[in-house]
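Below is one structure, written out as structure tokens; the observations come after it.
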Amino acid sequence: MKLPDFKLERYFADWEFKASYLLCSSDLESMSIKDLLAYEPEAAEEMHGLWLGYTESAGNPALRASIAGLYQQIEPSQTLVFSGAEEAIFIFMNAVLEKGDHLIVHYPSYQSLFEIADAIGCEVTRWQAQEESGWSLDLDFLESSIRPNTRAIVINCPHNPTGYLMNRSDFERLIEIARRHNMLLFSDEVYRLLEYDLQTRLPAACDLYENAVSLGVMSKAYGLAGLRIGWIATQNREIFKQSASFKDYTTICNSAPSEFLATLALRHSEKILARNVGIIQKNLPLLDRFFEQWQDYFQWQKPLAGPIAFPHLQKDLPVTDFCRKLVEKKGVLLLPGTLYDGNSNNFRLGFGRKNMPEALQRLEDFLREL
């Protein structure tokens, strides 16, 4: 398999550790190992005694039990742990899809969600989110795009990069469409649990549909990207078996310290999520005021969940030039939408970090200098 450059990751490789402020981060404020261990006084001693041999390929049983606790219909044996969400996506695509299969993929999206399938030889239809309608998805388009060889629907909700969150009735219709056509549903739910209004939280797809695969990770909602722990949850035994078998050719098993720390974090999920949502709720009003003040420059679609949004740059300046000049002059990194779609003049903005107000002030200084 030959894959093209991962545009977003190559961009971060160039800038992530050079820029003073990451105003485009897709994750939440992280913490130190010391801070995480402080949730349980005895955890540090337990970690000191941790055995550093091979771990169970499917994941530590305690971790799988903690992951299963995030769902309603999932048993620990129906969870499979990976080295981050990226590995889970790669393995699902390679283990389950075949050349000639057709996929319908929520778009714009994380490049892996369509590029790997394309490299396998699948036919990919991009299910384009509608910016003029708050980044909503047209379910009639979905139905009209189904072919005899359609194998799966790929959705990301809450959505990266727009912060869109599907409403419950549309989500249930999506499940009904997938079930009626006996298609797989790969549901990227890495931002689930970061809804601003708990009443809008959707059920996990794997809880509602027997042929759904829910993707989760410690990187986004929990802000623990350095652990490199992700997972899938599914009721479909065949998908689980194929994915577990394929993993023998990638990482085989996961890092023992990472699994220990991820299990600890999930035991304190409510506290960590409350901390992270608090950061979002503190920063979001600042963005509302900023975009109201600069509405001649930007079109602001307020997100519904998660720590990212996808504003539109309305001036004639191309977004790639705008982002480059901003990071060069002010040390503030934004992610140009061209990395998702070559014609987009949007940019990804992240507001899950504590220093966002400082970065926003630098952006404002940059605009005044323009």
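Things to note:
- Hits in the stretch 108-147 - residues which are touching a Lys or Arg at 6+ places or on another chain (Cβ under 9 Å) and touching a residue at least 40 places away in the same chain (Cβ under 8 Å): Pro108, Ser109, Gln111, Phe114, Ala119, Ile120, Gly134
- In the stretch 19-35, residue surrounded by the fewest Cβ atoms within 10 Å (Cβ to Cβ) [restricted to those that are touching a residue at least 60 places away in the same chain (Cβ under 8 Å) and either out of contact with any helix residue (DSSP H, G or I) (no Cβ under 6 Å at 6 or more places or on another chain) or of a type in the set (Lys, Arg) (or both)]: Ser20
- Those residues of the stretch 311-370 which are part of a strand (DSSP E or B) and either more than 21 Å from Leu28 (Cβ to Cβ) or aromatic (Phe, Trp, Tyr) (or both), in sequence order: His312, Leu313, Pro336, Asn346, Phe347
- Within this structure, Leu334 passes the test of being crowded, with 22+ Cβ neighbours inside 10 Å and either of a type in the set (Ser, Thr, Tyr) or at pLDDT 95 or above (or both).
- Residues located in the stretch 339-361, provided they are among the small types (Gly, Ala, Ser) and within 23 Å of Ala221 (Cα to Cα): Gly350, Gly352, Ala359
- Only listed residue being within 23 Å of Glu42 (Cα to Cα), surrounded by 22 or more Cβ atoms within 10 Å (Cβ to Cβ), at pLDDT 95 or above and not small (Gly, Ala, Ser), chosen from Leu227, Leu215: Leu227
- Across the stretch 132-150, the qualifying residues are those that are buried (at least 17 other Cβ atoms within 10 Å of the Cβ) and within 20 Å of the chain's Cα centre (by Cα), and the one among them that is farthest from Asp341 (Cα to Cα) is Leu137.
- The residue pairs whose first member lies in the stretch 1-17 and is under 26 Å from Ala95 (Cβ atoms), whose second member is assigned to a loop (DSSP other than H, G, I, E, B), and whose beta carbons are closer than 6 Å, counting only pairs six or more residues apart or on different chains, are Phe6/Gln111.
- Test result for Ile67, within 16 Å of Leu266 (Cβ to Cβ), among the β-branched types (Val, Ile, Thr), in a helix (DSSP H, G or I) and touching a strand residue (DSSP E or B) at 6+ places or on another chain (Cβ under 8 Å): yes
- In the stretch 170-182, the count of residues that are surrounded by fewer than 22 Cβ atoms within 10 Å (Cβ to Cβ), in contact with a Lys or Arg (Cβ under 9 Å, 6 or more places away or on another chain) and at pLDDT 95 or above is zero.
- Being among the aliphatic types (A, V, I, L, M), crowded, with 20+ Cβ neighbours inside 10 Å and in the same structural domain as Gly223 (by TED's automatic domain parsing) holds for only one residue in Ala88, Ala95, and it is Ala88.
- A search for C-beta distances below 7 Å between a residue of the stretch 148-170 that is within 18 Å of Cys206 (Cβ to Cβ) and any residue that is surrounded by 24 or more Cβ atoms within 10 Å (Cβ to Cβ) and among the acidic types (Asp, Glu), counting only pairs 6+ apart in sequence or on different chains, returns Ile155/Asp188; Asn156/Asp188.
- Note on the stretch 1-16: among residues that are within 21 Å of the chain's Cα centre (by Cα) and in a loop (DSSP other than H, G, I, E, B), the one that is surrounded by the fewest Cβ atoms within 10 Å (Cβ to Cβ) is Pro4.
- With respect to (1) in a loop (DSSP other than H, G, I, E, B); (2) out of contact with any Asp or Glu (no Cβ under 9 Å at 6 or more places or on another chain); (3) among the β-branched types (Val, Ile, Thr), the lone exception for Thr55 is condition (2).
The values are calculated or read from the model by the stated rules, or taken from the named source; none is laboratory data. Please read these numbers as outputs of a predicted model, since none were measured by experiment. Positions of Cβ are backbone-derived with ideal geometry, glycine not excepted, and every protein chain shown enters the neighbour counts.
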